[in-house]
Amino acid sequence: MRGLMQDVPLTVDTIFRHVEQHHGDVPIVTNNPGGKVRTTYAEWAQRTRRLGGVLDTLGISADGRVATFAWNSARHLELYFAAPCTGRVLHTLNVRLFPEQLTYIANHAEDEVVFVDRTVLPLLWPLIDTMTTVRHVVVMDDGGDAEIPDDPRVLDYETLLAAAEPVEFSVPDENSAASMCYTSGTTGNPKGVVYSHRSTFLHTLGVIAPNAFGLSVRDVAMPVVPMFHANAWGIAQAAPAAGSALVFPGAMMQPQAIADLIVDEKVTFTAGVPTIWQGVLPHLAGREHSLREIGCGGSAVPKALSEAYREQVGLPILHAWGMTETHPVASSGVLSRAFDDADEDTRATQRARQGIPFIGVEARIVEAGTIDELPWDDVATGELQVRGPWCAQEYYNPDAGAELSTSDGWMKTGDVAALDPFGNIRIADRTKDLIKSGGEWISSVDLENAIMSHPAVAEAAVVGVPHPKWDERPLACVVLKSGETAGEQEILDHIAPLVAKWWLPDAVEFIDEVPKTSVGKFSKKDLRTRFADYEL
Ligand code: ADP
């Protein structure tokens, strides 16, 4: 017997119409260099329909790639919807990528137009002749003072919008592409992930849910995670869909500016990578605020950081896990009732886990290179694999060898994890960051967590360096907080009770800063190169 329900496509224009019809009075604020700009979803919806008209005027093909090179802003949100709602494919370019990677990505995706914030125009313009398919550069004046080139390809966003007619949105096929995003290349060349309308719709619902970010009409949401990084973790669709007000940091990404925005705009929900919250902490500590949740992921959230927020800001960090390939959010670490009576340290340890998968996403761990499942005993570690309606099946025109799916249809994550009996994920490492010592694996994440719990330590990254006997041994790269002192032995003594004896790093290097990737993660690739000839 078949179900007798309507088969309505799950598309982004359905989300758009919901916001337009029901949440028009909800405010959106963008913090531009020239001052805050305030608007509403009603105004945004009108402008988004006109932007659809602009894409027609510019002659963008039916499923042409519409690139953005921009900070988080209300205009970027217009693009987030106008492109997919007219059948085009939004392609967010990461403004912090190396020039060669930007050229590679724009050409690989065959971008036809780039919408660029004036503040970052100087990063894009010198590359424009290398982007062979780009026909137009549309400048969004965010109050920056960069010179605008006198070139027929360069157009002004507001001028185009003022001249355009609003269009109707209707996307018939839920499996058509809505947007694409390239992995930021923490490991290897960027790879293109193509989100469908259906996956976007379902991920939006997943992110709104109470065990995830729990967004509602009561919220003021501020995505600090850039809209060019992994679909802004779904917040740019989820907040409008839930009728939450939106606050965008624009180009004002300095820790002080972010903390002030949280306080002044009464932000209730925000999200970003750990290094952001590390920087914001001293500017937020002790101030009055309206936050109910800080979402964090992209790399492991150190227990010490979450605890510092609990103690100094009044709420711990909500740990989430995901990848560009999973839209990106796939699990979150909300504490179940089993921890209601647990002591704070046990609760904090549990929060440092990556949590349970969202409804619809399933997880398993397997023996490396096989599809043989390992037990959920929190001891066995293996490759984490996931499957679900917002997990990618394959990359967009991948290089040879970039296989994403297993023979039985699960997605390989490249992460090494253990699962507890309830399937709560504990990421031990990325496969490429694991340290192989004498045939056994050492988790760099666990070591970093232990080192970062030392009060004098600001940041720590542990990498494997070549060793004549053991193959590789851990080297701890430590950044001390300003004004603090600690020696190698003190650090090692501190972590000795926290990790297995043979895991203890062979050396501690004190460095000024851990190098970061374009999305603010620790770049262990850079550290490994820097210490490749390290003598242990
Ligand atoms: P890139 O692969 O370029 O770093 P992504 O943002 O897609 O770009 O990174 C996804 C990876 O980030 C995951 O495979 C995982 O290794 C890491 N990651 C994401 N969230 C967490 C988390 N909460 N804890 C540990 N690692 C995480």
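The values are calculated or read from the model by the stated rules, or taken from the named source; none is laboratory data. Bear in mind the structure is a predicted one, so any value in this text is a computation, not a measurement. Cβ: placed from backbone, ideal geometry, glycine included. Neighbour counts: every protein chain shown.
Identify all residues within segment 124-143 that are closer than 19 Å to Pro99 by Cβ, touching a helix residue (DSSP H, G or I) at 6+ places or on another chain (Cβ under 8 Å) and surrounded by fewer than 20 Cβ atoms within 10 Å (Cβ to Cβ); write none if there are none.
Pro126, Leu127, Thr130, Thr132, Thr133
Select from segment 277-295 the residues that are out of contact with any Ser or Thr (no Cβ under 8 Å at 6 or more places or on another chain) and not in a helix (DSSP H, G or I) and list them in ascending order. Spell out how you get there, then give the answer.
Step one: filter segment 277-295 for residues out of contact with any Ser or Thr (no Cβ under 8 Å at 6 or more places or on another chain), giving 277-289.
Within segment 277-295, Ala285, Gly286, Arg287, Glu288, His289 meet the criteria.
Could you check, for segment 369-391, whether at least one of its residues is at pLDDT below 95, assigned to a loop (DSSP other than H, G, I, E, B), over 25 Å from the mean Cα position of the chain (by Cα) and not hydrophobic (A, V, I, L, M, F, W, C)?
Yes, segment 369-391 has at least one match.
Quickly run through segment 483-523 and pick out the residues that are out of contact with any Gly (no Cβ under 9 Å at 6 or more places or on another chain), over 15 Å from Met452 (Cβ atoms) and within 16 Å of the ligand (Cβ to nearest atom).
Those that are out of contact with any Gly (no Cβ under 9 Å at 6 or more places or on another chain), over 15 Å from Met452 (Cβ atoms) and within 16 Å of the ligand (Cβ to nearest atom): Pro515, Lys516, Ser523.
Which of the residues spanning segment 482-536 are modelled with pLDDT under 95 and assigned to a strand (DSSP E or B)?
Lys516, Phe522 - these are the residues of segment 482-536 that are modelled with pLDDT under 95 and assigned to a strand (DSSP E or B).
Assess whether Thr370 counts as being more than 30 Å from Glu311 (Cβ to Cβ), polar (S, T, N, Q) and either touching a strand residue (DSSP E or B) at 6+ places or on another chain (Cβ under 6 Å) or in contact (Cβ under 8 Å) with a residue 24 or more places away in the chain (or both). Steps first, answer last, please.
Values: more than 30 Å from Glu311 (Cβ to Cβ): yes; polar (S, T, N, Q): yes; either touching a strand residue (DSSP E or B) at 6+ places or on another chain (Cβ under 6 Å) or in contact (Cβ under 8 Å) with a residue 24 or more places away in the chain (or both): no.
Answer is no for this residue.
If Ala450 passes every condition in (1) crowded, with 19+ Cβ neighbours inside 10 Å; (2) within 12 Å of the ligand (Cβ to nearest atom) but one, which one does it miss?
Condition (2) is where Ala450 drops out.
Name every residue in segment 83-127 that is assigned to a strand (DSSP E or B) and of a type in the set (Ser, Thr, Tyr), in order of residue number.
Here is the first cut: in segment 83-127, the ones assigned to a strand (DSSP E or B) are 89-92, 111-117.
Selection gives Thr92 alone.
For (1) of a type outside the set (Gly, Ala, Ser); (2) over 23 Å from the mean Cα position of the chain (by Cα); (3) at pLDDT 95 or above, each residue gets a yes or a no:
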residue: Asp111; (1), (2), (3): yes, no, yes
residue: Arg118; (1), (2), (3): yes, yes, yes
residue: Thr130; (1), (2), (3): yes, yes, yes
residue: Val134; (1), (2), (3): yes, yes, yes
residue: Gly144; (1), (2), (3): no, yes, no
residue: Glu147; (1), (2), (3): yes, yes, yes
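Condition first: away from the ligand (no atom under 15 Å from the Cβ) and among the hydrophobic types (A, V, I, L, M, F, W, C). Now tell me which residues in segment 291-327 satisfy that.
Hits for segment 291-327 are Leu291, Ala308, Val313, Leu315.
Taking Ala212 as meeting all but one of (1) part of a helix (DSSP H, G or I); (2) within 16 Å of the ligand (Cβ to nearest atom), write down the number of the exception.
So Ala212 meets the others, but not (1).
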